[in-house]
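The values are calculated or read from the model by the stated rules, or taken from the named source; none is laboratory data. Computed from a prediction, not measured in an experiment: that's the story for all the values here. Virtual Cβ from ideal backbone geometry, glycine too; neighbours counted across all protein chains shown. SASA here: full protein model, heavy atoms, side chains in, ligands and nucleic acids out. Shrake-Rupley method; radii C 1.70, N 1.55, O 1.52, S 1.80 Å.
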Amino acid sequence: MVIVYESKTGFTKKYAMMLAERTKYKVLNVKDVSSLNADDEVILLGWLKAGKIQGISKVRKLNLKAVCATGLARTAEPSPETVIERNKIKDIPFFYLRGGCLPVDELKGMDKLMIKMFLKMLKSRRDKDEELIESITHMEKGYDGVDDKNLEPVLKWLENR
Ligand SMILES: Cc1cc2nc3c(=O)[nH]c(=O)nc-3n(C[C@H](O)[C@H](O)[C@H](O)COP(=O)(O)O)c2cc1C
């Protein structure tokens, strides 16, 4: 099994490195997948951008065995079912790993613009619950939710297959 990751701000990379440390599998940035053989088994770790798992298009034709997505929220956003549907992975084991984010002002380009617009939309909501307030704070101030405990379901799946 080879761990392939796509990471923009480093949170997904942290999980990829932790998983490599725990399993001793080889770890590869998604931009280097051309070095893999067609029959190499792959587990992808990618970050969620508007519900799309980054990097998935580059591993779809490989021997993809499982997909992990990192995101900011407590559970996959918009919802685990939507993420599975939107990324066409219903036949592949899917794991959500809580990642993190830089403060919005440290983001760049389109990502910054998208988060600013998202923040504006969230802040305009009248009935903000505790989870929504948490999301707003994390996006404004930054947050690191990476925790090796979150890899336990992935490790268990790897052990039992
Ligand atoms: C433009 C943008 C869109 C995002 N969309 C989602 C999303 O749809 N669902 C989610 O859970 N997190 C979303 N996030 C949060 C990232 O997935 C999260 O911060 C991730 O851990 C970043 O990983 P990285 O540091 O490896 O790039 C978004 C972040 C950005 C910047």
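A Cβ distance below 7 Å, combined with a sequence gap of six or more or placement on separate chains, defines the contacts here; from segment 66-77, residues that are without any contact (Cβ under 8 Å) to a residue 24 or more places away in the chain reach residues that are more than 6 Å from the ligand (Cβ to nearest atom) and open to solvent by 10 Å² or more (accessible area, probe 1.4 Å) in the pairs Thr75/Tyr96.
Within segment 1-20, residues that are polar (S, T, N, Q) sit with their Cβ atoms under 7 Å from residues that are assigned to a helix (DSSP H, G or I) and within 8 Å of the ligand (Cβ to nearest atom), at 6+ positions apart or across chains, in these pairs: Ser7/Lys13.
One residue alone among Thr70, Thr75 is hydroxyl-bearing (Ser, Thr, Tyr), open to solvent by less than 30 Å² (accessible area, probe 1.4 Å), outside any helix (DSSP H, G or I) and modelled with pLDDT of 95 or more, and that residue is Thr70.
A single member of Lys24, Lys61, Lys14 is modelled with pLDDT of 95 or more, of a type outside the set (Ser, Thr, Tyr) and surrounded by fewer than 15 Cβ atoms within 10 Å (Cβ to Cβ), and it is Lys24.
Among the candidates Lys116, Lys120, Lys88, single out the residue that is surrounded by 12 or more Cβ atoms within 10 Å (Cβ to Cβ), more than 18 Å from Lys14 (Cβ to Cβ) and over 14 Å from the mean Cα position of the chain (by Cα). Matching residue, one of Lys116, Lys120, Lys88: Lys116. Contact annotation: residue pairs with Cβ atoms under 6 Å, 6 or more positions apart or on different chains, pairing a residue in segment 108-132 that is more than 16 Å from Leu48 (Cα to Cα) with a partner that is surrounded by 12 or more Cβ atoms within 10 Å (Cβ to Cβ), are Leu119/Met139; Leu122/Ile136.
Checked against the criterion of being more than 16 Å from the ligand (Cβ to nearest atom), open to solvent by 50 Å² or more (accessible area, probe 1.4 Å) and at pLDDT below 95, segment 143-161 contains one or more residues that satisfy it. Filtered by the rule that a residue be more than 17 Å from Asp147 (Cβ to Cβ), out of contact with any helix residue (DSSP H, G or I) (no Cβ under 8 Å at 6 or more places or on another chain), in a helix (DSSP H, G or I) and away from the ligand (no atom under 15 Å from the Cβ), segment 12-59 gives Asp32, Ser34, Ser35, Ser57. As for segment 3-11, it holds at least one residue that is within 8 Å of the ligand (Cβ to nearest atom) and open to solvent by 70 Å² or more (accessible area, probe 1.4 Å).
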